[in-house]
């Protein structure tokens with residue numbers, strides 16, 4: 001996703017900055033190519049947000065159903081392990 005954002009940014013009229021530092025513009029202004037990279041960038045962004053939302057729902061749903069799986073995953077919960085040989 002950062003790559004598509006970087007590839008899209010030099011194709012606009014705006015200066016490209018990385019962490020506030022201006023970087024040379026490796027391309028030229030081209031609204032058509034910019035639109036393609038912007039659509040790809042936006043699609044990837046929605047995909048990442050969807051994956052995050054599904055993971056959060058995957059944590060909340062078992063908790064609401066009364067499953068104790070979250071408590072088993074917590075690092076600070078004291079667990080008594082039995083080692084069988």
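A few points about this structure:
- The gain in end-to-end length when the residue 53 to residue 14 segment is fully stretched comes to 10.8 nm, 0.36 nm per residue minus the alpha carbon separation.
- Between residue 46 and residue 69, the contour length at 0.36 nm per residue exceeds the alpha carbon distance by 5.4 nm.
- Inter-label distance, nm, simple model (7 Å from Cα along the C-beta direction), residue 32/residue 3: 2.4
- The distance separating the Cα centre of segment 1-29 from that of segment 58-72 comes to 43 Å.
- Volume per residue for the chain equals 203 cubic angstrom (convex hull of Cα atoms).
- Helix-only CD estimate at 222 nm, as mean residue ellipticity for the chain, using -39500 (n - 2.57) per DSSP H run (n ≥ 4): -18000 deg cm²/dmol
Read-outs throughout are calculated quantities, based only on the coordinates presented, and are distinct from any laboratory measurement. Keep in mind that this is a model prediction, so the values were computed, not measured. Virtual Cβ from ideal backbone geometry, glycine too; neighbours counted across all protein chains shown.
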